[in-house]
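Single-structure report; data block below.
What follows draws every value from the coordinates through simple rules; no lab data is involved. The structure displayed is predicted, hence computed values, not measured ones. For neighbour counting, all protein chains shown are included, and Cβ atoms are generated from backbone atoms with ideal geometry for every residue, glycine included.
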Amino acid sequence: MYSGKSTTGSVAICQILATAFPETGLWPKELADVLEFTLLGSMEKLIATDAKSIKQALAALNETLAFSMHPVKYTFTVADLCLWGAIKGNPLVAAEMTSGNYSEIERWYKEFMEPKSVTTKVYKLVRDLSAVFPFSRSS
């Protein structure tokens with residue numbers, strides 16, 4: 001439970017990690033309400049398995065990005081990582097992105113998510129989290 005709302009799956013994981021590690025700056029306190037609304041709304045639809053939900057979410061995010069540099073305001077947050085993860089991890093989202101209907105998301109992706117500095121930050125965060133929460137791997 002978070003703020004009285006139940007969260008599940010990858011959205012909950014992102015939310016918990018971003019708040020558990022405030023030093024990452026991925027969940028600024030002043031944007032907490034907007035982030036929660038975005039993650040529980042549009043972002044949760046991006047992990048759906050039906051094309052209608054995905055199209056609605058991408059259209060809403062594309063419109064948001066027409067007025068902002070990031071999915072939430074003008075700063076890099078967990079919402080950027082969730083959108084990036086949905087594009088990379090959900091084949092339905094990846095396929096829909098090839099339609100050419102989401103020019104603002106494409107611009108955001110090329111400008112903020114393709115540069116090495118962003119992926120370096122993500123990999124560093126994963127490494128740091130792995131050091132804090134070591135996972136055993138089965139052979």
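Of the peptides 59-66, 100-107, the order by per-residue mean of other Cβ atoms within 10 Å, starting with the highest, comes out as 59-66, 100-107.
When the Cα positions of Thr19, Tyr74, Ser130 are compared along the charge dipole of segment 17-137, Ser130 comes out farthest toward the positive end, with charges on each C-beta of Lys, Arg, Asp and Glu.
If the viscosity is 1.306 mPa s and the temperature 10 °C, what translational diffusion coefficient in µm²/s does Stokes-Einstein give for segment 9-132 when Rh comes from Kirkwood over Cα pairs?
109
Only Cα pairs under 8 Å and 6+ residues apart enter the sum, and on that basis the relative contact order of segment 9-132 stands at 23 percent.
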